[in-house]
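The values are calculated or read from the model by the stated rules, or taken from the named source; none is laboratory data. Nothing here was measured: the structure is a model prediction, and the numbers come from that model. Every residue, glycine among them, receives a Cβ derived from its backbone with ideal geometry; neighbour counts consider all protein chains shown.
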């Protein structure tokens, strides 16, 4: 099993949440998962190397989740963004709503992690095709 | 007779003249003077004379006897005449042709208190019986002139008797003629007719009086003939009443003006005759002016001019009648108001009995009718208040402020169910100043109060929602940890998971052993419990947030029919629902008006409300005891000028009355813990009333079903709702 696993970055200030999600996804041995606990850390990491999927909490210390996504998009260092939030006050700004963030990419805590897993797999399958036809 | 006797003497005289010379004869004349005659002749003469004397003597004595007899007869006649003249009751006199008094009878002298001596030779007009001598003279001179012309003068005159009283006299002067027909005297005579005239005058005056009463009586009086109803006489009031001249009326028949047929008129007359009269009958008549008049009519049979007639009295009571009708109409109007006012109106005694109450009051208190209420309530404090102290409270308030008291009070229906009323009452004192009556109104404010309570709760929820949004993140994170941890536990104890198997093998145990242990110790169930509790808590948090969350609630022109269909489809596929009961067993009936007004709404929200109602309905019917025979949900959507009405009606067990006012209350639920959050209906209420400016109400008859009514207005001012309304 020598193939390169898709990179997943979980950004959540609630360490237990990110750890438990990482543990869950890790069991499937389909992904290479890392966790960070702030937007700043995430951006630093993304600057080193791009990832396939970011799972972003909205409420974060420092820059918030949406700003993080906007910035990461600008840097073009991540293919997909999933939102995983404990608040229901997500105001998906028109910028994000029109493009990357669809309702099906938003998950509210607490959430059945199987749903997140399914969505990740879906995105990555799409991504294969995308990958083939793009220069990325 | 005398002449005949003289004729008998003629032959004697012839013989005598043959026997004596003319001159001797001449010696005799009728005066009886005699002359001495010649001796030879003398004897003869003496003889003849003797014979003649004898004859004459016998003649004379006869004549004297006759004369005497005649005189006696004459005297007797004269005495009789005098007696008659004096004794007659008639005033009688004798005047010469110039008018001087010759004689006046005793009757006159006595009555006028005078004597013949005073009168003899005086002119008749100078007699004491005249009140005005000058005019008497003129009158009498004229009269005498006429009588002298041979006529008889007759006239009624007035005299004054000896006592100064008036005597009315039928006065006549007639001529008295002698044998030759010459007028030698005038005979005045006077019949005293004072008594007759006085009586006549009295009769005339009496008649005049009654005529005047008849004519001027303020009642219209008419006399009609019994046989044909013709008017024989009518008075002024009658003429005025009918506005026709009297001559015209007297040509008419009663049926001509009374507006009834001749037949009817006849039968009325007959009835008056048979019953001896009718009294104060009220009737309507159309007057010539075309106006309707009300008459009060009385009639009785009378004899009038010898004919069978009817006298009728009519009084025009139109004004009174109109006032009466106006009063009646006014009463009617107020009775209508009283009976139909949508507010309860009452009057009670101070000690607690109804005097009056309107039907609305009876209905509100749960009685069939006003009559039932009035007859069955005998003690207000006991019968219409849940606690007698409530009435006490009202009475105390009234004593403080008798003019007007307004208070919210708890009342009780006939079936004992309490409700809230807003009572406005005033106190009425009796003459001695003691409290006597309570007058007032009651308005059932149960609904208002219910809504108020809901609003209060909603407000609470709004602030709660604000707090909830703030803490949701904090709570959701630990919930997320619980859920994820439990999920990881589940995942890592799964015997069929590759990673688990390899890890277990490294340790030296089998996953199947772990699984067996977990089952034996019910660890799997505990994990499931942790998981469901976390999900349940998260659902509660989410519903609480529904009170504030507006994100994504975008108003669009929506198709209510589609929303209904979608909600029904969701309900039919609802997994939770299926667990408890089969929605497909419920007969769904959808009635949607062909043409509905377009309204704007947030489709997902209305959908959520409908789904909620379907779910509640289905659950209620599934749990009903006794079970519902043929469970049915009817969805009725109808349009009106104001908006759209959605009714969701089931034939389930209904909602008990005491719960109806609480069902919109947040966290109020009749379901077992974990089944319902108690937020569904309050969120729905909030969505409809706050979010859509509509109305949301329930009506339910325990045992026969429930109907929720949603009213969404067409003109929705909330259309420009702030989409970014976040706390």
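Determine if the range B:165-185 includes at least one residue that is closer than 21 Å to residue B:137 by Cβ, buried (at least 18 other Cβ atoms within 10 Å of the Cβ) and without any contact (Cβ under 8 Å) to a residue 24 or more places away in the chain. Can you show your working first?
Here is the first cut: in the range B:165-185, the residues closer than 21 Å to residue B:137 by Cβ are B:166-175, B:183, B:185.
When the remaining residues are screened for being buried (at least 18 other Cβ atoms within 10 Å of the Cβ), the result is B:167-169, B:171, B:173, B:175.
From what's left, without any contact (Cβ under 8 Å) to a residue 24 or more places away in the chain: B:171.
Yes, because at least one residue in the range B:165-185 is closer than 21 Å to residue B:137 by Cβ, buried (at least 18 other Cβ atoms within 10 Å of the Cβ) and without any contact (Cβ under 8 Å) to a residue 24 or more places away in the chain.
Just to be sure I understand, how many residues within the range B:478-511 are in contact with a helix residue (DSSP H, G or I) (Cβ under 7 Å, 6 or more places away or on another chain), over 25 Å from residue A:111 (Cβ atoms) and either within 11 Å of another protein chain (Cβ to nearest Cβ) or part of a helix (DSSP H, G or I) (or both)?
Number of matching residues: 3.
Would it be correct to say that residue B:48 is touching a helix residue (DSSP H, G or I) at 6+ places or on another chain (Cβ under 6 Å) and outside the structural domain of residue B:190 (by TED's automatic domain parsing)? Please lay out each step first, then the result.
On the way: touching a helix residue (DSSP H, G or I) at 6+ places or on another chain (Cβ under 6 Å): yes; outside the structural domain of residue B:190 (by TED's automatic domain parsing): yes.
Criteria met by residue B:48.
Can you give me the ranges of the strands (runs of 3 or more DSSP E) entirely in the range B:242-345 with at least 1 residues that are free of Cβ contacts under 8 Å to residues at least 40 places away in the same chain, loosely packed, with under 13 Cβ neighbours inside 10 Å and touching a strand residue (DSSP E or B) at 6+ places or on another chain (Cβ under 9 Å)? Steps first, please.
Values: elements: B:278-286, B:292-304, B:307-316.
Result: B:278-286, B:292-304.
Got a sec? Which of B:118, B:151 is surrounded by 13 or more Cβ atoms within 10 Å (Cβ to Cβ) and under 22 Å from residue B:184 (Cα atoms)? Don't jump to the end; show me each part of the working.
Numbers: B:118 fails: under 22 Å from residue B:184 (Cα atoms).
Only one candidate passes the filter, namely B:151.
Would you check which residues across the range A:51-74 are assigned to a loop (DSSP other than H, G, I, E, B) and surrounded by 17 or more Cβ atoms within 10 Å (Cβ to Cβ) and list them?
So in the range A:51-74, the residues assigned to a loop (DSSP other than H, G, I, E, B) come out as A:57-64.
Passing the criteria: A:57, A:58, A:59, A:60.
Is at least one residue of the range B:615-634 within 56 Å of the chain's Cα centre (by Cα), surrounded by fewer than 22 Cβ atoms within 10 Å (Cβ to Cβ), in contact (Cβ under 8 Å) with a residue 40 or more places away in the chain and not assigned by TED's automatic domain parsing to the domain that holds residue B:540?
So in the range B:615-634, the residues within 56 Å of the chain's Cα centre (by Cα) come out as B:633-634.
Now drop any that are not surrounded by fewer than 22 Cβ atoms within 10 Å (Cβ to Cβ), which leaves B:634.
Add one more test, that the residue is in contact (Cβ under 8 Å) with a residue 40 or more places away in the chain, and what stays is B:634.
This time we only want the ones that are not assigned by TED's automatic domain parsing to the domain that holds residue B:540, so: B:634.
Among the residues of the range B:615-634, at least one is within 56 Å of the chain's Cα centre (by Cα), surrounded by fewer than 22 Cβ atoms within 10 Å (Cβ to Cβ), in contact (Cβ under 8 Å) with a residue 40 or more places away in the chain and not assigned by TED's automatic domain parsing to the domain that holds residue B:540, which makes the answer yes.
Determine whether residue B:259 is on the phi > 0 side of the Ramachandran plot, assigned by TED's automatic domain parsing to the domain that holds residue B:308 and more than 27 Å from the chain's Cα centre (by Cα). Step through it out loud before you land on a result.
Values: on the phi > 0 side of the Ramachandran plot: yes; assigned by TED's automatic domain parsing to the domain that holds residue B:308: yes; more than 27 Å from the chain's Cα centre (by Cα): no.
The answer is no for residue B:259.
What about residue B:703, is it modelled with pLDDT under 85, within 53 Å of the chain's Cα centre (by Cα), in a loop (DSSP other than H, G, I, E, B) and under 17 Å from residue B:625 (Cβ atoms)? Don't jump to the end; show me each part of the working.
On the way: modelled with pLDDT under 85: yes; within 53 Å of the chain's Cα centre (by Cα): yes; in a loop (DSSP other than H, G, I, E, B): yes; under 17 Å from residue B:625 (Cβ atoms): yes.
Yes.
Applying the selection to the range B:390-411, what residues are surrounded by 14 or more Cβ atoms within 10 Å (Cβ to Cβ) and in a loop (DSSP other than H, G, I, E, B)?
The first filter runs over the range B:390-411 and keeps only residues surrounded by 14 or more Cβ atoms within 10 Å (Cβ to Cβ), leaving B:390-391, B:393-395, B:397-398, B:402, B:405, B:407, B:409-411.
Of everything in the range B:390-411, just one residue is surrounded by 14 or more Cβ atoms within 10 Å (Cβ to Cβ) and in a loop (DSSP other than H, G, I, E, B), namely B:402.
Only one of B:424, B:414 is part of a loop (DSSP other than H, G, I, E, B), within 30 Å of residue B:698 (Cα to Cα) and within 39 Å of the chain's Cα centre (by Cα). Can you tell me which? Give the derivation first.
Numbers: B:424 fails: part of a loop (DSSP other than H, G, I, E, B).
Step by step, each of B:424, B:414 is checked, and only B:414 is part of a loop (DSSP other than H, G, I, E, B), within 30 Å of residue B:698 (Cα to Cα) and within 39 Å of the chain's Cα centre (by Cα).
Could you check, for the range A:77-86, whether at least one of its residues is touching a helix residue (DSSP H, G or I) at 6+ places or on another chain (Cβ under 9 Å) and either in a helix (DSSP H, G or I) or at pLDDT below 90 (or both)?
First pass over the range A:77-86, keeping only residues touching a helix residue (DSSP H, G or I) at 6+ places or on another chain (Cβ under 9 Å): A:77-86.
Checking the rest, the ones that are also either in a helix (DSSP H, G or I) or at pLDDT below 90 (or both) come to A:85-86.
Scanning the range A:77-86, I find at least one residue that is touching a helix residue (DSSP H, G or I) at 6+ places or on another chain (Cβ under 9 Å) and either in a helix (DSSP H, G or I) or at pLDDT below 90 (or both), so the answer is yes.
Sort out which residues of the range A:3-33 are more than 9 Å from chain B (Cβ to nearest Cβ) and either farther than 21 Å from residue A:59 by Cβ or loosely packed, with under 15 Cβ neighbours inside 10 Å (or both), and write them in order of number.
Within the range A:3-33, A:3, A:4, A:5, A:6, A:7, A:15, A:25, A:30, A:31, A:32, A:33 qualify.
In this structure, is residue A:127 modelled with pLDDT under 90, more than 14 Å from every other protein chain (Cβ to nearest Cβ), more than 29 Å from residue B:485 (Cα to Cα) and under 15 Å from the mean Cα position of the chain (by Cα)?
It is true that residue A:127 is modelled with pLDDT under 90, more than 14 Å from every other protein chain (Cβ to nearest Cβ), more than 29 Å from residue B:485 (Cα to Cα) and under 15 Å from the mean Cα position of the chain (by Cα).
Does residue B:291 count as modelled with pLDDT under 90, closer than 30 Å to residue B:214 by Cα and in the same structural domain as residue B:257 (by TED's automatic domain parsing)?
It is true that residue B:291 is modelled with pLDDT under 90, closer than 30 Å to residue B:214 by Cα and in the same structural domain as residue B:257 (by TED's automatic domain parsing).
Report yes if some residue within the range B:233-240 is touching a strand residue (DSSP E or B) at 6+ places or on another chain (Cβ under 6 Å), at pLDDT 90 or above and part of a strand (DSSP E or B); otherwise report no.
Yes - at least one qualifying residue is present in the range B:233-240.
Run residue A:36 past the list (1) within 14 Å of chain B (Cβ to nearest Cβ); (2) in contact with a strand residue (DSSP E or B) (Cβ under 6 Å, 6 or more places away or on another chain) and report the number of the one that doesn't hold.
Failing condition for residue A:36: (1).
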